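To keep things clear, I will list the structure first and then write my remarks on it.
The values are calculated or read from the model by the stated rules, or taken from the named source; none is laboratory data. Predicted model only: the values in this text are computed from it and were never measured. Every residue, glycine as well, gets a Cβ built from its backbone with ideal geometry; the counts of neighbours run over all protein chains shown. For accessibility, only protein heavy atoms count, side chains too; no ligands or nucleic acids. Shrake-Rupley method; radii C 1.70, N 1.55, O 1.52, S 1.80 Å.
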Amino acid sequence: MNPKKIILCVDDEKVVLTSLIGQLNNAFGTQYIYEGFTSPEEALEYLDELKEEGAAPDLIISDWLMPRLRGDEFLIRARHMFPDTRLMMLSGHADPTSVERAVHEAGLFRFMTKPWDKEDLVRQVELAIAN
């Protein structure tokens, strides 16, 4: 039996994080494990733990505008740890240069603006995890 796939979500706004995970849970139910963090630093600690266990997230969805560590930098670090994990960025304020950097240095799979369209989010997650 294959272990469940892990979707890691990072957004410093708790209400946004709860909404994102809620929408994913409504769309996919128990098909995935959803892990949410309000700080990229905590998410990196979790990623370290996964790596030590020999596990990997299948998808990481991150906000861009967060205190201390921006989403592009977080995703670049995550890419170094897990080169095969798909990465998505959600933001209402992303700097185009930072998005470009995430595409080139982190292999960003998809950038979506906030507020996102729920159906489009589900479709993009399906595409990210199917490949």
- Please enumerate the residues belonging to region 56-88 that are more than 12 Å from C9 (Cα to Cα), open to solvent by less than 50 Å² (accessible area, probe 1.4 Å) and among the aliphatic types (A, V, I, L, M). A56, M66, L69, I76, A78, M81
- Message: Which pairs turn up if I take residues in region 120-131 that are in contact (Cβ under 8 Å) with a residue 40 or more places away in the chain and in a helix (DSSP H, G or I) and look for partners that are among the basic types (K, R) and open to solvent by 40 Å² or more (accessible area, probe 1.4 Å) with beta carbon separation below 6 Å, at least 6 apart in sequence or on another chain?
- Response: A128/R86
- Message: Checking the structure you have, find out if any residue of region 20-31 is open to solvent by less than 30 Å² (accessible area, probe 1.4 Å), within 22 Å of R77 (Cβ to Cβ) and either touching a strand residue (DSSP E or B) at 6+ places or on another chain (Cβ under 6 Å) or aliphatic (A, V, I, L, M) (or both).
- Response: yes
- Task: Give the residue, chosen from D48, D12, that is open to solvent by 50 Å² or more (accessible area, probe 1.4 Å) and over 14 Å from M66 (Cβ atoms).
- Result: D48
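Just one of R86, R110 is out of contact with any Gly (no Cβ under 8 Å at 6 or more places or on another chain) and free of Cβ contacts under 8 Å to residues at least 40 places away in the same chain; which is it? Explain how you work it out, then say what you get.
On the way: R86 fails: free of Cβ contacts under 8 Å to residues at least 40 places away in the same chain.
Selected residue: R110, the only one of R86, R110 that is out of contact with any Gly (no Cβ under 8 Å at 6 or more places or on another chain) and free of Cβ contacts under 8 Å to residues at least 40 places away in the same chain.
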- Among the residues of region 25-70, how many are in a loop (DSSP other than H, G, I, E, B) and in contact (Cβ under 8 Å) with a residue 60 or more places away in the chain? 1
- Query: Does at least one position in region 97-109 carry a residue that is aromatic (F, W, Y), open to solvent by 20 Å² or more (accessible area, probe 1.4 Å) and closer than 21 Å to D12 by Cβ?
  - Reply: no
